């Protein structure tokens, strides 16, 4: 953990934000066709179908499934935080907020990662990290108030922004849990098997959330070939590939450094939104991004 950043580690931590930006764009595009909790359930069902053949050789090894059953509470919590909560809340946020806003709110990740690490894992916080965190908080507040000081004073928040804050906190706990050496070695060495164990439990949570959504009268899925293509994309790229790379990058660099790379997501999202949704960034988006990047630069200095 916290090793020197090598080109391969930088690549591992840069590709996920690009894929997650695409996930936000696609989630926004299909929001009227697929209810958010249902979208998350379908996404991870497909992802598990992809992961099982890749990790089956490891899962069949003696003791691996027994180790998963013994530590079921760990995988259930990983599945809740990383598979169930984070993604469901993000798709729910996209019902009322734009991809740019959602990913900018998520740029507060270093703040939450630092707080979770300090309060729950005893990781020391440096002064520069605090200064960087304050800059990031200001950047997030600029997004939440849409650049309007009167809105900030009145504490008026869009529902999607609040959902994304909760999602970001869940992801912070998930990332710190990835570092805990509580997994069977063979499982830990096989990214597909390790992720499949998380997704299997995460699907139980996702199914429960989708069940609540259906009971509240969610609209039926409006099936079309673009919807099918969107499901395949969010299942393979932002799910399987991004989670595998994120996990590998976090184990190399640590959650504190990895959180800074999440802040690339708004930049990628702004570019993709401009290309596919016609949602051009506003001046307050630029200000917020500069503040958040400033927090990254200050926090990363040693």
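Where a number appears in this text, it was derived from the coordinates with a stated rule and is not lab data. Keep in mind the model is a prediction, meaning the values are calculated, not measured. Glycine gets a Cβ as well: all are built from the backbone with ideal geometry, and neighbour counts include every protein chain shown.
Table for the structure above
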| quantity | calculated |
| --- | --- |
| Protection-proxy order for peptides 161-173, 17-29, 71-83, each taking the mean of Cβ atoms within 10 Å per residue, highest first | 17-29, 161-173, 71-83 |
| Helix-only mean residue ellipticity at 222 nm for the chain, each DSSP H run of n ≥ 4 adding -39500 (n - 2.57), per residue, nearest 500 | -23500 deg cm²/dmol |
| Residue-span extension gain [residue 125 to residue 207] - 0.36 nm each, minus C-alpha spacing | 25.7 nm |
| Overall Cα dimensions of the stretch 156-302, principal axis frame, Å, largest first | 43, 40, 31 |
| Most to least packed among 116-127, 92-103 [average Cβ atoms within 10 Å] | 92-103, 116-127 |
| Kirkwood Rh and Cα Rg combined as Rg over Rh, evaluated for the stretch 6-130 | 1.02 |
